[in-house]
Amino acid sequence: MWLMPVRFEPKHRLIQIILCLFRKSLNCAAMNLSQIKSGQLATVTKVNGDVLALKLFEMGMLPGEEVELENIAPFGDPIAIRVGESKLCLRLEDAAHVEIELKAWKE
């Protein structure tokens with residue numbers, strides 16, 4: 001009796017679309033560098049902001065570069081990240097402009 005097929009009328013279709021978008025947001029959520037946790041490895045995908053992007057590119061933070069959070073200041077701002085062989089300190093405000101894709105936890 002409860003196993004009747006559900007007809008996808010407009011109200012059901014809307015629920016289906018919302019669930020689909022919710023699943024995509026869980027699986028493919030874009031993160032920024034200010035959200036990374038200690039010990040996580042990530043790859044830089046995009047740097048937003050013209051002036052900030054130029055400064056970070058000059059310091060070696062290019063799209064495709066691997067980054068890792070190394071240290072956090074006592075009050076949480078700034079953070080120290082490893083980019084390649086160098087270490088950069090960034091304010092959380094600036095780190096929020098760097099989009100990343102998580103790779104793995106450091107072992």
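No value in this document is a laboratory result; all are computed from the given coordinates. Here the structure is a predicted model, which is why all the values come from computation and not from measurement. Please note: Cβ atoms are built from the backbone with ideal geometry, for glycine as well, and neighbour counts cover all protein chains shown.
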Notebook entry, point to check: Just going by the charge dipole of the range 31-105, with Lys and Arg at +1 and Asp and Glu at -1 on Cβ, which of Gly60, Gly39, Leu92 is farthest out on the positive end?
Noted result: Gly39
Notebook entry, point to check: Of the lysine pairs in the range 31-105, how many meet both conditions: Cα atoms under 18 Å apart, and a spacing of 8 or more in sequence or different chains?
Noted result: 5
Note to self: For a distance above 18 Å, tell me the whole-number percent of Cα pairs in the range 31-105 that qualify.
What the structure shows: 27 percent
